[in-house]
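Trainee: Input: one structure, supplied below.
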Amino acid sequence: MTRTPVSPVNVTVTGAAGQIGYALLFRIASGQLLGADVPVRLRLLEITPALKAAEGTAMELDDCAFPLLQGIDITDDANVAFDGTNVGLLVGARPRTKGMERGDLLEANGGIFKPQGKAINDHAADDVKVLVVGNPANTNALIAQAAAPDVPAERFTAMTRLDHNRALTQLAKKTGSTVADIKKLTIWGNHSATQYPDIFHAEISGKNAAQVVNDEKWLADEFIPTVAKRGAAIIDARGASSAASAANAAIDHVHTWVNGTAEGDWASMGIPSDGSYGVPEGIISSFPVTTKDGAYEIVQGLEINEFSRTRIDASVKELSDERDAVRGLGLI
Ligand SMILES: NC(=O)c1ccc[n+]([C@@H]2O[C@H](COP(=O)([O-])OP(=O)(O)OC[C@H]3O[C@@H](n4cnc5c(N)ncnc54)[C@H](O)[C@@H]3O)[C@@H](O)[C@H]2O)c1
Ligand SMILES: O=C(O)C[C@H](O)C(=O)O
């Protein structure tokens with residue numbers, strides 16, 4: 001039997017020569033992002049001085065002889081990188097350096113994400129899906145989305161899946177369960193130290209996780225800070241920010257978005273708020289979502305207790321402040 005050739009999916013990765021890029025590209029090319037039967041074409045976007053390093057990574061990708069990899073383009077031009085893109089992974093960002101104020105950081109990233117949003121608007125495929133990984137991820141996603149008025153806003157998402165995965169493991173360790181036993185955990189808010197990992201609706205082997213834990217002090221003083229400050233703890237231990245786990249979370253995020261959540265479970269994604277759960281419309285905040293046929297929906301009807309409300313509101317306030325700051329800078 002002859003199989004009908006499937007046309008390749010164009011996947012653009014920005015910051016391709018960076019740490020996360022190195023941990024991500026091989027997994028995309030091997031089929032872990034979209035599926036073992038989906039051919040991909042990679043577009044690597046880098047700044048001019050890093051093009052040579054990106055070429056080195058591309059040589060290694062060639063040397064893996066991945067059957068699904070149908071081509072690699074390397075460029076420093078966002079208009080070329082996003083031409084016909086179906087999936088955009090926006091990883092490259094301006095890191096915060098010594099003496100830099102938050103406003104400076106937002107402005108520097110605006111200089112990256114605004115033109116990339118415009119390039120997506122002008123050149124990407126109609127079905128484009130965008131995941132922003134580069135920090136501050138939620139507000140960078142907002143900047144890119146605002147620069148792409150012709151693309152449906154919901155196609156711009158920010159990564160909180162790493163936080164979700166971190167929370168799964170911390171909860172599994174505390175309760176002597178495995179991550180596979182845990183369902184319906186939620187990260188709310190910003191990918192920052194204000195994020196709120198919520199176990200009140202989570203289930204461990206079908207039992208309510210908060211009841212299994214039954215220890216609000218652990219929740220407030222250990223679980224939440226451990227998850228929320230894990231990024232800083234990794235930087236402290238490794239001398240560099242998380243890379244393999246971040247790449248893994250990016251793979252999980254897009255795989256879930258494209259292929260659907262399992263029955264009886266949900267995932268956490270940073271998405272433009274529709275006003276659900278009192279989160280102001282338009283900011284890109286993390287919610288519990290189910291996905292099906294390439295689209296996501298916010299899980300509705302969850303009862304939010306006082307403990308959760310205070311924490312969700314604090315993280316959402318930070319996001320509203322970031323939105324106001326980038327608005328003030330004329331970035332959205
Ligand atoms: N959302 C999350 O959960 C999460 C987790 C870990 C890291 N991050 C963030 O991901 C980002 C990347 O991390 P990394 O460890 O790969 O950093 P890195 O410094 O190793 O790599 C970043 C790459 O981006 C490139 N770059 C910079 N500006 C660019 C532009 N305008 N266009 C294209 N490429 C550009 C740089 O040349 C560099 O190669 C950082 O902002 C980091 O804070 C987010
Ligand atoms: O790069 C960082 O600042 C940390 C990163 O966002 C992480 O959560 O590991």
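Trainee: Does Tyr277 satisfy being more than 16 Å from ligand 1 (Cβ to nearest atom) and under 24 Å from Ala141 (Cα atoms)?
Mentor: Considered against the rule, which asks whether it is more than 16 Å from ligand 1 (Cβ to nearest atom) and under 24 Å from Ala141 (Cα atoms), Tyr277 comes out as yes.
Trainee: Going by what's in this entry, would Gln170 be described as in contact with a Phe, Trp or Tyr (Cβ under 7 Å, 6 or more places away or on another chain), open to solvent by 10 Å² or more (accessible area, probe 1.4 Å), more than 11 Å from ligand 1 (Cβ to nearest atom) and over 29 Å from Ala209 (Cβ atoms)? Write out each step before concluding.
Mentor: On the way: in contact with a Phe, Trp or Tyr (Cβ under 7 Å, 6 or more places away or on another chain): yes; open to solvent by 10 Å² or more (accessible area, probe 1.4 Å): yes; more than 11 Å from ligand 1 (Cβ to nearest atom): yes; over 29 Å from Ala209 (Cβ atoms): no.
So Gln170 does not fit the description; no.
Trainee: Among the residues of the stretch 106-140, count how many are near ligand 1 (Cβ under 10 Å from one of its atoms) and either over 25 Å from Asn248 (Cβ atoms) or open to solvent by less than 30 Å² (accessible area, probe 1.4 Å) (or both).
Mentor: The qualifying residues number 14.
Trainee: Quick one: how many residues across the stretch 287-306 are closer than 15 Å to Arg155 by Cα and either modelled with pLDDT under 95 or open to solvent by 80 Å² or more (accessible area, probe 1.4 Å) (or both)?
Mentor: 3
Trainee: List the helices (runs of 4 or more DSSP H) inside the stretch 104-220, counting only whole elements, that have at least 2 residues being outside the structural domain of Asn248 (by the TED database) and free of Cβ contacts under 8 Å to residues at least 60 places away in the same chain.
Mentor: 137-146
Trainee: Whether any residue in the stretch 81-95 is farther than 27 Å from Thr256 by Cα, in contact (Cβ under 8 Å) with a residue 12 or more places away in the chain and either within 16 Å of ligand 2 (Cβ to nearest atom) or among the β-branched types (Val, Ile, Thr) (or both) is what I want to check.
Mentor: Yes, the stretch 81-95 contains at least one residue that is farther than 27 Å from Thr256 by Cα, in contact (Cβ under 8 Å) with a residue 12 or more places away in the chain and either within 16 Å of ligand 2 (Cβ to nearest atom) or among the β-branched types (Val, Ile, Thr) (or both).
Trainee: All but one of (1) surrounded by 15 or more Cβ atoms within 10 Å (Cβ to Cβ); (2) more than 30 Å from Ser320 (Cβ to Cβ) hold for Gly264, so report the exception by its number.
Mentor: Against the list (1) surrounded by 15 or more Cβ atoms within 10 Å (Cβ to Cβ); (2) more than 30 Å from Ser320 (Cβ to Cβ), Gly264 comes up short only on (1).
The values are calculated or read from the model by the stated rules, or taken from the named source; none is laboratory data. Everything quoted here is computed from the prediction, not taken from an experiment. Heads up, the Cβs are rebuilt from the backbone with ideal geometry, glycines too, and the neighbour counts pull from every protein chain shown. Accessible surface areas use protein heavy atoms only, side chains included; no ligands, DNA or RNA. Shrake-Rupley method; radii C 1.70, N 1.55, O 1.52, S 1.80 Å.
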